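Colleague: Got a structure for you, questions after.
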Amino acid sequence: MVFNSLTFVVFFAIVLVLHSLPLPWSVKKLNLLVASYLFYAAWNPPFILLLWASTIVDWLVARQIHLQVKDGRRKAWLVVSLVVNLGFLGFFKYGNFVLENWHTLMTAMGVHYRQPEWNILLPVGISFYTFHSLSYTLDIYWRRVEPIPRLFDFALFVAFFTQLVAGPILRTADLVPQFQRPRTATRDQLCWGLALMTLGLFEKVVFADGAFAPVANAVFGAKGPVGALDACLGTLAFSGQIFCDFAGYSTTAVGAALCLGFNIPNNFRSPYAAIGFSDFWRRWHISLSTWLRDYLYIPLGGNRHGEARTYTNLMTTMLLGGLWHGSNWTFVVWGGLHGAYLAAERWLKQAAVRWTLLSSLASKLLLALVTYTLVNVTWVFFRAKTLPAAMTMLGAMAGLHPHAAAVLPTVKILETVVCVVGLLSAQWYMRDRTLEDVVTQAPPLLVATAWACMAFVIIITQGRGNAFIYFQF
């Protein structure tokens, strides 16, 4: 079940009605938990067993970690949580990747090895709910939070349907305290929630699927090399697609939660207006970047043990962050490039004594353009199926195939340019603003008209209900 489908509209309407009825809070929470499991089971019912296993194991393990006094026993129980969660993730997500690379290694060594078939499906959202659940046991181990008394509340936290399959990646402190007292959306919350859902679906349906996806698919799916213009526009189109697709999901998730009276944090803040790569990661997939910082980079030592160790920790974190996205070397390279960018930025900031020249608007715009350009280079690896395909696309962008046949018609070229310029302009305008401030300062008639127009365009352009890109991660 995807947000951009009629099935979800009916499902969410029923959930909203049940949540608005004068029922006991315990019954309303039970309705939300059942609805969340139905939402997940709509993809593949057997996979709900994995969700239950992860939930029950981490709740029980966290209690044991809290009760133990000796560090050795606390670590032993933590290992149980790590083995179960990372074991599930490794088996379903990386099993075939390991087999393929083992086969390649054996072949290179001259060893005849017959790779077994791997026909196991990847459970939708396993990377996200694994991080939800695992963060709880880690927080208990580091004594950051107190154990959740009831398994019911923890189960609802892990399975809450608005953010179950593609984030934002929440911590227990983000959501569990909100379960302690009855919550029903106020009139303002309901309006804001529905408006955010409309905006998110507008980004997904109209821009990601309607404007950007056909161009990106045509260029990256071309059977032969493409020209420089097509390669550049195809990459820019995918850059727009991945943002509008994922930010659209996150905005819809935040809005759906708000319609029910719950507040979950935003996941994006105009990332293509970032000035530098550390700024980019403060704006892109915020819940993942902070998760990697708090549960990987800092435990590895962060920047506390000298420069060499800092750069090592930074690169390790980004490489693993890339691998988290998918079982392909292209994602590892994507993460490695971002790690290299962050390391280079850190070195430059430390090497330069004064940065006064960067205070002007022209300098900021130039740095933002450099950041956006280099981020687009990484998107080539994110989108390409193989490393050779990525290198071919980068070669095409550099003009190495001047005689390649054109892939994109003139109309698509113009549409892409207009959409990309519009997206960048909107993000630069919103760089230091919030949507709440912009909406409250705008004339009510203008806001209502924009909302109605977005809803109308969604309806007339709605297609097959394409799944969100991050569902595969």
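The values are calculated or read from the model by the stated rules, or taken from the named source; none is laboratory data. Note that the structure is predicted; figures quoted are calculated from it, not measured. Because the Cβ atoms are built from the backbone with ideal geometry, glycine has one as well, and the counts that use them run over all protein chains shown.
Colleague: Checking Ala404 against (1) part of a helix (DSSP H, G or I); (2) surrounded by 12 or more Cβ atoms within 10 Å (Cβ to Cβ), only one condition comes out false. Which one?
Modeller: Tallying (1) part of a helix (DSSP H, G or I); (2) surrounded by 12 or more Cβ atoms within 10 Å (Cβ to Cβ), Ala404 fails exactly one: (1).
Colleague: Still on this structure, please answer the following. Mind checking whether some residue in the stretch 375-383 is surrounded by fewer than 14 Cβ atoms within 10 Å (Cβ to Cβ) and in a helix (DSSP H, G or I)?
Modeller: Taking every residue of the stretch 375-383 in turn, none turns out to be surrounded by fewer than 14 Cβ atoms within 10 Å (Cβ to Cβ) and in a helix (DSSP H, G or I).
Colleague: Determine if the stretch 83-95 includes at least one residue that is in contact with a helix residue (DSSP H, G or I) (Cβ under 6 Å, 6 or more places away or on another chain) and of a type in the set (Ser, Thr, Tyr).
Modeller: No, every residue in the stretch 83-95 fails to be in contact with a helix residue (DSSP H, G or I) (Cβ under 6 Å, 6 or more places away or on another chain) and of a type in the set (Ser, Thr, Tyr).
Colleague: Separate question: With modelled with pLDDT of 95 or more and assigned by TED's automatic domain parsing to the domain that holds Tyr295 as the only criterion, which of Leu358, Leu365, Leu337, Leu369 stands out?
Modeller: On inspection, the qualifying residue turns out to be Leu337.
Colleague: State all residues of the stretch 253-272 that are over 16 Å from Val165 (Cα atoms), hydrophobic (A, V, I, L, M, F, W, C) and part of a loop (DSSP other than H, G, I, E, B); if no residue qualifies, say none.
Modeller: Listed by number, the residues that qualify are Leu260, Phe262, Phe268.
Colleague: On to the next question. Residues in the stretch 290-309: is at least one part of a helix (DSSP H, G or I), more than 21 Å from Asp245 (Cα to Cα), touching a Ser or Thr at 6+ places or on another chain (Cβ under 7 Å) and of a type outside the set (A, V, I, L, M, F, W, C)?
Modeller: Checking the stretch 290-309: at least one residue is part of a helix (DSSP H, G or I), more than 21 Å from Asp245 (Cα to Cα), touching a Ser or Thr at 6+ places or on another chain (Cβ under 7 Å) and of a type outside the set (A, V, I, L, M, F, W, C).
Colleague: Ok, one more. If I filter the stretch 314-336 for residues that are surrounded by fewer than 16 Cβ atoms within 10 Å (Cβ to Cβ) and in a loop (DSSP other than H, G, I, E, B), do I get at least one hit?
Modeller: Among the residues of the stretch 314-336, not one is surrounded by fewer than 16 Cβ atoms within 10 Å (Cβ to Cβ) and in a loop (DSSP other than H, G, I, E, B), which makes the answer no.
Colleague: Identify, please: which residue in the stretch 244-271 is of a type in the set (Phe, Trp, Tyr) and surrounded by fewer than 23 Cβ atoms within 10 Å (Cβ to Cβ) and is, among those, nearest to Gly210 (Cα to Cα)?
Modeller: Among them, the one singled out is Phe268.
Colleague: Among the residues of the stretch 78-101, are any more than 30 Å from the chain's Cα centre (by Cα) and hydrophobic (A, V, I, L, M, F, W, C)?
Modeller: Scanning the stretch 78-101 turns up no residue that is more than 30 Å from the chain's Cα centre (by Cα) and hydrophobic (A, V, I, L, M, F, W, C).
Colleague: When you check Val418 against the structure, is it β-branched (Val, Ile, Thr) and closer than 22 Å to Arg283 by Cβ, yes or no?
Modeller: no
Colleague: If you scan the stretch 194-234, which residues turn out to be surrounded by fewer than 23 Cβ atoms within 10 Å (Cβ to Cβ) and not hydrophobic (A, V, I, L, M, F, W, C)?
Modeller: Thr198, Gly210, Pro214, Asn217, Gly221, Lys223, Gly224, Pro225, Gly227, listed by residue number.
Colleague: Determine if the stretch 416-433 includes at least one residue that is modelled with pLDDT of 90 or more, among the aromatic types (Phe, Trp, Tyr) and exposed (fewer than 12 other Cβ atoms within 10 Å of the Cβ).
Modeller: The answer is no; no qualifying residue exists.
Colleague: May I pose another question? Which residue pairs have Cβ atoms closer than 8 Å, lie 6 or more positions apart in sequence or on different chains, and pair a first residue in the stretch 88-110 that is farther than 15 Å from Leu320 by Cα with a second residue that is small (Gly, Ala, Ser) and surrounded by 15 or more Cβ atoms within 10 Å (Cβ to Cβ)?
Modeller: Partner pairs satisfying both residue conditions: Phe88/Ser54; Asn96/Ser327.
Colleague: Do we find that Asp174 is in a helix (DSSP H, G or I) and within 22 Å of Arg293 (Cα to Cα) in this structure?
Modeller: yes
Colleague: Take the residues of the stretch 30-83 that are in contact with a Pro (Cβ under 9 Å, 6 or more places away or on another chain) and in a loop (DSSP other than H, G, I, E, B): which is modelled with the lowest pLDDT?
Modeller: Among those that are in contact with a Pro (Cβ under 9 Å, 6 or more places away or on another chain) and in a loop (DSSP other than H, G, I, E, B), it is Trp43.
Colleague: Out of Val27, Val10, which single residue is closer than 30 Å to Ala455 by Cα, out of contact with any helix residue (DSSP H, G or I) (no Cβ under 8 Å at 6 or more places or on another chain), part of a helix (DSSP H, G or I) and without any contact (Cβ under 8 Å) to a residue 12 or more places away in the chain?
Modeller: Of the residues listed, the single one that is closer than 30 Å to Ala455 by Cα, out of contact with any helix residue (DSSP H, G or I) (no Cβ under 8 Å at 6 or more places or on another chain), part of a helix (DSSP H, G or I) and without any contact (Cβ under 8 Å) to a residue 12 or more places away in the chain is Val10.
Colleague: Restricting the search to the stretch 97-151, which residues are polar (S, T, N, Q), assigned to a helix (DSSP H, G or I) and surrounded by 13 or more Cβ atoms within 10 Å (Cβ to Cβ)?
Modeller: Asn101, Ser127, Thr130, Ser133, Ser135, Thr137
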